[in-house]
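Contents: one structure, followed by commentary.
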Amino acid sequence: MRNTKLLIVTLMTTVILTGCGTLLNPYHEDFLCPDGDPGSCTSVKDAYKRSFNPSEAFSPMVKDAAENPADRKVSKEEYRYKEALYKELSGLIKNPTTPMLMPSRQMRVLIPGYVDKDNLYYGHRYIYFVVRDPQWALPVLSDMEDKKEELK
């Protein structure tokens, strides 16, 4: 009896001290970086240290990270087009013209009970019908043209 208690205490102590890591875990702990991950395979501390160095490229998925857009030759037409596009987009962001959907309108009509000419009684009932379908309330076209002139 005493040997059984000693065996149980020893087994429980072993399980508690190992934390179920090596005894009961069927998986291997020799983790290597998985295939298909385009990032670099480093420890957490090294990755943290590398995060403070902006000139270093971390992933091959990031293309042209070191290329400076100011170094690239841009034609005058392309520059004007992009400038006009940015002005238009900034105008839309500053003063958005959002269309709204006006909901449909329904109506309920009560028809009271009545007796027809053949002496048949019809009880009261309600009739529902749509008065107005849902409609988009778009901005007025003249407002849009005024905003385009403001951007120029």
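Things to note:
- Approximating the spin labels as points 7 Å out from Cα along Cα→Cβ, the R105-to-F129 distance works out to 1.5 nm.
- A straight chain from Y79 to N119 at 0.36 nm per residue would run longer than the Cα-Cα distance by 5.9 nm.
Bear in mind that the values in this text are calculations on the coordinates, not laboratory data. If you're wondering where the values come from, they're calculated on a predicted model, not measured in any experiment. No Cβ is skipped: glycine too gets one built from the backbone with ideal geometry, and neighbour counts run over all protein chains shown.
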